[in-house]
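Remarks on the structure that follows.
The values are calculated or read from the model by the stated rules, or taken from the named source; none is laboratory data. Bear in mind the structure is a predicted one, so any value in this text is a computation, not a measurement. Note that we place each Cβ from the backbone using ideal geometry, even for glycine, and neighbour counts take in every protein chain shown.
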Amino acid sequence: MKRIVTIPIAILFVVYFIALIVQSNIIGDLLSPILTLFAFLPVFYAFFWKEQHKLLKISGLFYMLSIFSWFLCDFFWGFFTLVLHTNPENNLLITYGYSLTNLFLLLSLILSGYFQVKSWNKMQIFLDTVMVAISIMVIVWIFVFEQDTARAKILVSDPVSMSSLIMDFMIYAWTNIWFFSTRKRKEPLFVKFSAAGGVVFVIIDIIYYYEYYYRSYEPNSLLDGGYVIAFGLMGISGLIKLKVKEQEGTFLDKEQIGFSRIKKELLFLLLPVLLIVVKGIQVPSLLFLVTAIMFYFIFTNFTQNSIFRDKILEQEKEYISELEKRVEERTHEVIKIMNTDVITGLKNRRYLEEYLEKIIRTIDRDEKIYLLYIDQNKYKSIKSIYGKYIAEKVLEEVGKRIEHIMEEKSGLVTSYGEDIFVATFKSRGDYDEALHIAKNVINYCSDGYLIEDHMISVTLNIGIASYPHDSKNMEELIRNADTAMMQARKTGFNVIQTYDNQIGLYINKKDRIELKLKRVVYDEEFSLQFQPQVICSDGSIYGVEALLRWYTKKGDYIPPMDFIPIIEENGMVIALGYWIMEQSAKQLSKWKKEYGSKIKMAINVSSKQLMEDDFTDRLVQVLEKYQIPKNDFEIEITENIQLETNYLIHDALGKLSSMGISIAIDDFGTGYSSLYYLRELPVNRIKIAKELIDHIDHDIYSKSIVQMVISVAKVNNIKVIAEGVETKKQWDCLKQMDCDEIQGYLFSKPLVPDEIENNWLRKNE
């Protein structure tokens, strides 16, 4: 289709120029308007019809009118000569009508140039304008007026022609200014063709007026062909614009700025050369031109360097701004990660504490902050039975349900620990409102959860505290709610407990114990009792477990459950642990010497003590000091998350195992990772927790778990001891399950050394 249209037009152009050469006025008058119309159509469609921008559309309107007005004048010129057989030069509407092209073209340039001027450097525009103006003045004065003022007076006598020439020079000046001022921009091809068309039109028009006034103009000469060429270039620009999208100008790289930057300006040097070639050496004019060009180059070079530095600075600012934006985005991401629990997706402990600090400072005088400390029961058992993934999915589902309930109070729900949630909200109501929310949480969350075909039941305990009613600050608010939850857990499952004075007494009790621990004398107040561990099949003694007891100087007994958590918190457990190690080894050595006993000694060791650099060495030194065989000594460690994650503990257990020292996991089945230890840690024995043994004789659930643990342990060549055996039925069940050893009140409570000797060791003599 393109070829069908292009070839005839090309033929018409060839025929037209042949007619001009042979001076065929008829063909010239016929084809000139036709070819102009062909140029008009793509300009009309591309620059006006398809243009979306309002201002550019108006510019396109003037652009296409500049060609269309010429077409009309050419049409009527041919009509007068070919049809009416009259001289159209006598018709002022036709002769002056051609000047409309100059006007419309100038208006189009001014409107389209509006977008260009905004991005140009003002100093460079001034320099380019001055240099272009000087060039035009020299061209007009020397080549048009030939340095003769009389010639200028001829043009002044014809205002329309004079106006057309002025517009020609303005178009030429504007195009030149655009050409030089876009030195750092790569303009689209259609713009270049359009500008070329305008320049050709202006040059031909100036030559026309020169011929018309100072020589002899002949219609349908090659001069008229120049106009058609100019319009043809404009038409081509319209065709190109229809095919490609206008591209944004791009700044040149630094390497392109230098000599290449002044390539365009070198065109000004052609003017003196042209002057010398055509007119000979004109000293005053040459001196004037060379001086102007020299200053132009100097100031342009300075200006371009300034523009370059400004551009570099602007790019650096943009780069820094982009970096700051990216840093801000990454900071938000990091803060989000730091404030989010990876398992539940809820906000975490860090975020909660910051949030509470903030709202405590900003609440109204009559407002209260209620905090619900929510514990998911049996999380460790779920983890032991079903594995870590299932347990975490249950946590996630519970968290979602609590969050759904708290939405009605615009409250916050966070994950505060492995199996702990904290919900908080502001209110002007009393404790009844918080109790109502807590009951909703219990009712909605204490349910069965179907996770990967496993139906898992969940129960909760909730402690409630408020600020400022029963707490003075954020730390106290959380601690009081935690204390209330602990009281609820002692009562049973799905229990809600508010903080009150009785619970406060418990805290005071803890404070009193902490004070006493600071003054305690180990050898005077601490002592060891020993509970026998017997072989399950016949009840004969296998070993003993050393248990710490505390009697103050006043004779008051403080239970281990009251002071052990405190010494774990304050770090005293490490020093006390070494004291227990020394005393138990000393006692075992005595029994071996006096009774020839082959019993084993088990002591409890804290995970904090295991992380001591010299723990293994000190233990070996104690055993060697009292001549205790390493396989007669056992350390018991309680399940906790550090056993999985701490490499120091892993290393310590590995060293102990390689020496032959037995390692036992205490309270197995209520801890963090259960069967994980059987595969990953050098375990010799596991002690099944009392909570699982209590109901073994009548609860199929507990019985199944114990049986599974024993079976898996035996596959891994690990001994099993059951803790807390209190009835003959429990013993019989364990015998049936092929349990290795048992320990509990059915056989003996913890005894002082003399009682162990009298009740157990002397029997075996």
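Observations on the structure shown:
- Residue pairs whose Cβ atoms lie under 6 Å apart, sitting 6 or more positions apart in sequence or on different chains, and linking a residue in region 591-615 that is in contact (Cβ under 8 Å) with a residue 60 or more places away in the chain to a partner that is assigned to a loop (DSSP other than H, G, I, E, B) and buried (at least 19 other Cβ atoms within 10 Å of the Cβ), are TRP591/SER597.
Conditions (1) under 20 Å from PHE71 (Cβ atoms); (2) without any contact (Cβ under 8 Å) to a residue 60 or more places away in the chain, marked per residue:
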site	(1), (2)
ILE9	yes, yes
ALA19	yes, no
ALA39	yes, no
VAL43	yes, no
GLN52	no, yes
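- Matching entry among SER112, SER108 (being under 60 Å from the mean Cα position of the chain (by Cα), modelled with pLDDT under 80, of a type in the set (S, T, N, Q) and under 20 Å from ILE236 (Cα atoms)): SER112
Yes/no matrix, rows are residues, columns are (1) outside any helix (DSSP H, G or I); (2) within 33 Å of the chain's Cα centre (by Cα):
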residue	(1), (2)
LEU371	yes, yes
LYS380	no, no
ALA391	no, yes
GLU397	no, yes
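- Taking region 649-742 and the helices (runs of 4 or more DSSP H) fully enclosed by it, the elements with 2 or more residues that are assigned by TED's automatic domain parsing to the domain that holds ALA585 and at pLDDT below 90 are at 676-680, 690-693, 700-715.
- Scanning region 478-489 for residues that are surrounded by fewer than 18 Cβ atoms within 10 Å (Cβ to Cβ) and within 17 Å of VAL458 (Cα to Cα) gives a single hit, ARG489.
- For region 540-577, filtered to residues that are assigned to a loop (DSSP other than H, G, I, E, B) and within 54 Å of the chain's Cα centre (by Cα), the residue that is nearest to PRO750 (Cα to Cα) is PRO559.
- Exclusive hit being basic (Lys, Arg) and crowded, with 16+ Cβ neighbours inside 10 Å, set LYS518, LYS600, LYS554: LYS600
- Long-range neighbours under 8 Å by Cβ, at least six apart or interchain, first residue in the same structural domain as ILE442 (by TED's automatic domain parsing) and at positive phi within region 488-509, second among the small types (Gly, Ala, Ser) and modelled with pLDDT of 70 or more: ASN494/SER446
- Residue in region 219-238 that is surrounded by fewer than 14 Cβ atoms within 10 Å (Cβ to Cβ) and either touching a Ser or Thr at 6+ places or on another chain (Cβ under 8 Å) or at pLDDT below 55 (or both) present: no
- Pair list, Cβ under 8 Å, 6 or more apart: region 695-707 residue free of Cβ contacts under 8 Å to residues at least 24 places away in the same chain, other residue part of a helix (DSSP H, G or I) and surrounded by fewer than 14 Cβ atoms within 10 Å (Cβ to Cβ): HIS695/TYR701
- PHE68 vs. criteria at pLDDT 85 or above, assigned by TED's automatic domain parsing to the domain that holds PRO159 and within 23 Å of TYR209 (Cα to Cα): yes
- Residue-level analysis places VAL413 among those that are among the hydrophobic types (A, V, I, L, M, F, W, C) and not in a helix (DSSP H, G or I).
- Evaluation of ASP74 against (1) more than 17 Å from VAL228 (Cβ to Cβ); (2) at pLDDT below 85 (one fails), failing number: (1)
- Where MET561 falls short, out of the listed (1) touching a residue at least 24 places away in the same chain (Cβ under 8 Å); (2) under 28 Å from LYS490 (Cα atoms); (3) among the aliphatic types (A, V, I, L, M): (1)
- The single condition among (1) farther than 18 Å from ILE405 by Cα; (2) at pLDDT below 90 that ALA465 does not satisfy is (2).
- Leading residue by the ranking (farthest from VAL228 (Cα to Cα)) among those in region 77-96 that are touching a Pro at 6+ places or on another chain (Cβ under 7 Å) and touching a residue at least 40 places away in the same chain (Cβ under 8 Å): THR81
- Tally, over region 679-705, of residues that are touching a strand residue (DSSP E or B) at 6+ places or on another chain (Cβ under 6 Å) and either crowded, with 21+ Cβ neighbours inside 10 Å or of a type in the set (A, V, I, L, M, F, W, C) (or both): 7
- Checking GLU594 against (1) part of a helix (DSSP H, G or I); (2) at pLDDT 95 or above, the condition it does not meet: (2)
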